[in-house]
Each structure stands twice: as structure tokens, then as C-alpha cells.
Amino acid sequence: MERARIVVAGASGLIGRALVGSLRADGHEVVRLVRREPRAADEVRWDPRGGRVDLPECEAVVNLAGAGVGNRPWTRAYKEEIRASRVLGTRTLARVIAALEPRPRVFVNGSAIGYYGDTGQRAVDEDAPAGEGFLPSVCVEWEAAAAPAQRAGVRTAFVRTGLVVARGGGAWGKLFPVFRAGLGTRFGDGRQYWSYVSLHDEVAAIRHLLDRDDLSGPFNVTAPEPLTNREITAAMGRVLHRPAVLAVPAPVLRTVLGDMAGEVLGSTRALPMRLLESGFTFAFPGIEDTIRAALD
């Protein structure tokens, strides 16, 4: 994409911050949507719950907004916040995008491999159906909320993100200090698959979807070879020189984490088939290189 104005919702999050920096480094104008009063010239206020946003004319919109899945215990109220923060924000943006004239060329909307639920040892690509449970239902509604933009003819792509390996946030941001302290552990029996991706490759994939006018629909953004929790914790131990010898039994995790334990113990073996078929190349396809990249 030539130099363009790109609107980003969720710009303060882990992926959003990295994406904004990457876009600006290449000369793009980035407008950040914020829910508070704007404090800078590049900020525009929006109210995702109220359905209001004064979206400026732009070439692209990227929506990464949503309450953190692992930030708080999954009480009934917080589960509703997880759902509403994604579905209502996407619905607001899609409706306004459809009404703009001229319309943006592309709408890249967040999603997650939680769409597939627990797939056990079975590998899944973008053609697999949605799973059952809380996160699959959220992802289905999340993607469906973009329908107004799609019906208006705006190219729409969904980023079904895996576990982002980064030091500055997300699940991995909590794992690094634990492993550095020598307390790294596998969860349950460790046989569940974790589909991971480096922060670098996550941002590169989003930019790939922004740039390519022929790409729309869902894309798994995960490294090409997902690994089990046992394999990943062993790799963390090797890279950080802190062997992971402990294990947290599944019953303990269920007691401590409640409903969220199902996501820690569940297995999602997602493959990025559509990204690979489109010619995308992962800079960090292996877990050890991915971990080292996060530490640089």
C-alpha cells in the first residue's frame, strides 16, 4: 500500500502499538481511535458501546480493540465485557465504514483462533467450522459484526490470531518473568497444542492483508508448526537457561482459574494455510527463534 491514512482501533494494546510504529516508520499517517478525550492531533474519540465514531476519510481501518482475555478472572460480568468490547466495537466501525463516501479500501478486523475451540490433536485451517463454548461463540459474533462493511463492498479480512510471543504484554509477557525466576511449568499433561506467533510476524501479517487487494475473509495468524505446551515450555527453559521441571495439575488450574482454565488446558492446533498460500513468509517460524526475537 502506498502512503495512506490508516485508522487503528486498539492502538494502545500490544499488537496495536507495534502496528502503529511499523506503519509510521514507512510514512503512513495513522489515526488512533480512543475512548477518552483526545490528547493529540492523531487521536479521534469513539464510543464503541454507544455506536458513535466520527471516522475520518481514510484508505484502511484496522480494528484490534477488545478487553484482554487473560487480564481478569472470567466472572459472568467480565465474560460479557470480553464479548461486548469486540462485537459492539466491530459493529460500530462496520456500520460507519459502510456509510462513508468514499469508503475505505479495506477493513482488517481482529479475531482469534479461539474460533475453533478445543481441537485436540487435530490440525485445523480456515475451512474448519467454529467450535463450541464461550470463545468460539464470541469469535463467531465478532466476525459477523463486520457484515455491514462487507455488504457495502469493502474488502474485509479477519485476523485469527494465536498466542503472541512478546515480552511487553499478553500471555507471554506474564510467562517470561516466571521462567526467568526458575518457576517455569507446563500446564496439565502438557499435550495440548499452543498455536503461537511472534509479534513481528503478527504485524507483518496484518500489513500483508492491508497491502494485498486480493485477500479477504479469515486468516489464521500463527506460526506454521504449532507445538504442544510441553514442547514450548521446554524451549522456554532452553532459551532462558532455566529448565522447566514443574507441572501444574489440571485440577489446580481449574480451581485457580475457573472457566479460563479451559483455554489454558485446551488444545488448538491451527495452521496458517491461507497466509502461506498467499505467499506470506514467516520471519520466525520456529519457537526458539520466536522466543529470542521477543527478548531482543
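The values are calculated or read from the model by the stated rules, or taken from the named source; none is laboratory data. Since we're looking at a predicted model, the values are computed, not measured. Cβ sites come from the backbone with ideal geometry, for glycine too, and all protein chains shown count toward neighbours. In case anyone asks, the SASA skips ligands and DNA or RNA and just uses the protein heavy atoms, side chains included. Shrake-Rupley method; radii C 1.70, N 1.55, O 1.52, S 1.80 Å.
General observations
- GNM top mover of VAL124, VAL165, VAL178 - the chain, alpha-carbon springs below 10 Å: VAL178
- Loop-resident sites, segment 111-151, for GluC sites (Glu not before Pro), counting at most 15 other Cβ within 10 Å (DSSP): GLU132
- For TRP74, distant residues with modelled amide H under 5 Å away: ASP259, MET260
- Taking a ≥ b ≥ c as the square roots of the eigenvalues of the alpha carbon gyration tensor, segment 48-134 is oblate, as a/c is not under 1.5 and a/b does not beat b/c.
- For TRP194, nonlocal amide neighbours, meaning residues 5 or more places apart or on other chains whose placed amide H falls under 5 Å from its own, are LEU227, THR228, ASN229.
- nm² value of the averaged projected area, convex hull over the Cα atoms of segment 100-191: 8.3
- Against the chain, whose longest principal axis comes from its Cα atoms, helix 14-25 is set at around 50 degrees.
- Note: relative contact order over the chain, using C-alpha pairs below 8 Å and six or more positions apart, is 18 percent.
- With the convex hull drawn over the C-alpha atoms of the chain, the volume per residue is 128 Å³.
- Probe 1.4 Å, protein heavy atoms only - accessible area per residue of the chain in square angstrom: 45
- For segment 144-177, the residues whose backbone nitrogen is under 18 Å from a point 7 Å from the Cα of LEU100, taken along Cα to Cβ, are 145-159.
- Dividing the Cα radius of gyration of segment 1-152 by its Kirkwood radius returns 0.98 for Rg/Rh.
- Within segment 109-178: Cβ-based charge dipole about Cα centre, in debye rounded to nearest 20 (Lys, Arg +1; Asp, Glu -1): 340
- Under a 5 Å amide H cut-off, with hydrogens placed 1.01 Å from N, ARG45 pairs with VAL34 among residues at least 5 apart or on other chains.
- Tensor-based shape of segment 156-207 (alpha-carbon gyration tensor, a/c under 1.5 rounded, otherwise prolate or oblate): oblate
- Rounded to the nearest 20, the size of the Cβ-charge dipole of segment 1-154 about its Cα centre is 540 debye, with Lys and Arg at +1 and Asp and Glu at -1.
- Student exercise, the chain dipole from Lys, Arg, Asp, Glu Cβ charges, in Debye to nearest 20: 900
- Segment 129-192 - percent relative contact order, Cα under 8 Å, separation 6 or more: 12
- Heavy-atom accessible surface of the chain: percent carbon and sulfur, 1.4 Å: 51
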